[in-house]
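Notes to accompany the following structure.
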Amino acid sequence: MATRRILLASIHDVSPRFESEVDRLIDLLSPHIGIRTAMLVVPNHWGSAPIVPGSAFATRLRSWADEGREIFLHGFYHRDESRHHGPSDRIRARFMTAGEGEFLGLSAREATIRLFNGQRLIEDVIGKRVAGFVAPAWLYGSGAMEALADAKVQIAEDHLRVWSPASGRQLARGPVITWASRSSIRRGSSLAAAFALRHAPMPTLRIGVHPPDVRHPSLVRSIERTFDVAGSARTPAAYSDLL
Ligand SMILES: [Zn+2]
């Protein structure tokens with residue numbers, strides 16, 4: 001092969017709230033990519049599912065990290081509770097994310113506080129550094145961007161690229177394959193997008209799965225097929241391999 005094409009997979013919204021769904025996703029992906037799944041962890045999903053050090057879930061989180069899975073911080077509460085200024089941010093926040101874009105409207109100060117608190121909690125639990133940060137719904141406001149650069153976060157990603165806030169360097173580009181489960185229209189369009197993108201030739205292909213995906217058999221079939229196709233043509237890799 002002339003160029004080495006890689007596959008980056010991630011499980012979003014890893015939280016005690018979705019423990020059984022996350023287990024199903026791990027079972028679904030493991031035959032294709034082993035432990036090469038980044039785990040995107042929410043410290044306290046919606047303010048009502050805290051990760052408590054010493055709990056059974058914390059022990060599982062540590063064992064995933066010990067297996068070699070990359071652990072990313074994925075927001076703090078996940079839900080967007082800030083007031084948005086300007087119509088475009090308001091529209092983005094409401095329609096694109098169902099209100100899940102926590103880091104879209106935060107000031108740099110508030111983003112920094114949540115970033116540090118989240119990192120401290122997760123790193124205490126797993127006993128090592130987190131690999132990076134991925135904003136809920138992949139939405140970053142200017143305050144979030146400033147906080148990530150200040151904190152020298154190694155890796156971040158949005159819909160279209162992976163970059164290093166610490167160095168400002170772009171690490172990979174190209175859309176991420178993901179499935180939306182909220183309505184049948186969204187499910188239909190995400191099935192079509194996955195069908196097209198899993199054959200795409202870009203050097204780095206990203207696939208992101210979410211806990212509610214496992215509740216829809218059509219999405220589960222599409223996820224399996226996508227990993228079949230992409231996994232046979234690509235080498236599963238870690239995000240940190242891009243650095
Ligand atoms: Zn998420």
Note: among 180, 193, 137, 149, just one is in contact with a Ser or Thr (Cβ under 9 Å, 6 or more places away or on another chain), free of Cβ contacts under 8 Å to residues at least 24 places away in the same chain and assigned to a helix (DSSP H, G or I), namely 193
Subset of the range 123-137 that is crowded, with 21+ Cβ neighbours inside 10 Å and either more than 16 Å from residue 154 (Cα to Cα) or charged (D, E, K, R) (or both) - its residue that is modelled with the lowest pLDDT:
137
Just the residues that are among the charged types (D, E, K, R) and either within 16 Å of the ligand (Cβ to nearest atom) or closer than 15 Å to residue 166 by Cβ (or both), please, taken from the range 106-139.
114, 129
Test: residue in the range 209-216 that is part of a strand (DSSP E or B) and surrounded by 19 or more Cβ atoms within 10 Å (Cβ to Cβ):
yes
Do we find a residue being in contact (Cβ under 8 Å) with a residue 40 or more places away in the chain and under 23 Å from residue 105 (Cα atoms) anywhere in the range 159-175?
yes
Please enumerate the residues belonging to the range 1-25 that are surrounded by 16 or more Cβ atoms within 10 Å (Cβ to Cβ) and either over 29 Å from residue 44 (Cα atoms) or of a type in the set (A, V, I, L, M, F, W, C) (or both).
5, 6, 7, 8, 9, 11, 14, 18, 22, 25
Would you please name the residue that is surrounded by the most Cβ atoms within 10 Å (Cβ to Cβ), looking only at residues in the range 229-243 that are over 13 Å from residue 171 (Cα atoms) and touching a residue at least 60 places away in the same chain (Cβ under 8 Å)?
230
Exactly one of 38, 56 is within 13 Å of the ligand (Cβ to nearest atom) and either crowded, with 23+ Cβ neighbours inside 10 Å or without any contact (Cβ under 8 Å) to a residue 40 or more places away in the chain (or both), and that residue is 38
Read through the list (1) under 30 Å from residue 218 (Cβ atoms); (2) touching an Asp or Glu at 6+ places or on another chain (Cβ under 6 Å); (3) aliphatic (A, V, I, L, M), then give the number of the only condition that residue 108 fails.
(1)
Which pairs turn up if I take residues in the range 63-79 that are closer than 17 Å to residue 164 by Cβ and within 16 Å of the ligand (Cβ to nearest atom) and look for partners that are acidic (Asp, Glu) and part of a loop (DSSP other than H, G, I, E, B) with beta carbon separation below 9 Å, at least 6 apart in sequence or on another chain?
none
Sort out which residues of the range 203-213 are within 16 Å of the chain's Cα centre (by Cα) and more than 17 Å from residue 189 (Cβ to Cβ), and write them in order of number.
204, 205, 206, 211
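The values are calculated or read from the model by the stated rules, or taken from the named source; none is laboratory data. Given the structure is predicted, the values throughout are model-derived calculations rather than measurements. Heads up, the Cβs are rebuilt from the backbone with ideal geometry, glycines too, and the neighbour counts pull from every protein chain shown.
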